[in-house]
């Protein structure tokens, strides 16, 4: 069975926090090359790893992973505000 | 090391193995001259250098031979895939080589030992060669 491609914001979130791939890899318990593969969206993480990444960034899973290409965070926040009537 | 360089080193590694076998075989047919010994030594050195470049410097040898609990989920996945491919490649190659030996004949014990030693080398190095060939970044 071919699994769907997963899109993510790992690269943006990591750069926002100013940490290296190696540091992130150590925190989530994978090899630093695996972080590269995740950032390039060439590897779909397991549910466990996806949750570990989200827990590290302190964000809900839908903010980090998606089955559709991800919009820039600023656009997403703007849309959320519009939905909330702000 | 770039993906293309890794592929070139994989090819050099197996070509040198072929050269080693050929030099050994021709040495058995003819007199073992200094030229044959030089060819064997040359093939061995090239094989050793390419082995270090493909398997050791890339860390792929360590990855393939690591215990599962030392690898992350992606590494386990790609290692499993490489082992599966290697098994198929090795089985086909071994069958073809055995068939050639059976049909052609004329191989003495020393040559047969070299051929089987090469097959063992192949079996042991194929998984990391497959990874060196298929992985985008190592």
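Applying 1/(1 + (r/R0)^6) with R0 = 22 Å to the Cβ-Cβ distance of residue B:33 and residue B:108 gives a FRET efficiency near 0.75.
Report the FRET efficiency, 1/(1 + (r/R0)^6), for residue A:16 and residue B:65, where r is their Cβ-Cβ distance and R0 is 30 Å, rounded to 0.05. Numbers along the way, then the final one.
Details: r = 38 Å, r/R0 = 1.26.
So, using R0 = 30 Å, E works out to roughly 0.20.
The value of relative contact order for the range B:45-138, using C-alpha pairs under 8 Å at least six residues apart, is 48 percent.
If you take the alpha carbon atoms of chain B and fit the smallest convex hull around them, that volume is 104 Å³ per residue. Within the range A:1-70, the ratio Rg/Rh, alpha carbon atoms throughout and Rh by Kirkwood, equals 0.93. Per residue of the protein assembly as shown, the DSSP helices (runs of n ≥ 4 H) give a summed -39500 (n - 2.57) that works out to -23000 deg cm²/dmol at 222 nm.
Note on residue B:99 and residue B:1: the extension gain reaches 31.5 nm, defined as 0.36 nm multiplied by sequence separation minus the Cα-Cα distance. When only alpha carbons are used to place a centre, the range A:42-65 and the range B:72-115 end up 40 Å from one another.
Values quoted throughout were computed directly from the atomic coordinates according to the rules given, and no laboratory measurement underlies them. Just so you know, these numbers come straight off a predicted model, no measurement behind them. In this analysis, Cβ positions are derived from the backbone assuming ideal geometry, glycine residues included, and neighbour counts consider all displayed protein chains.
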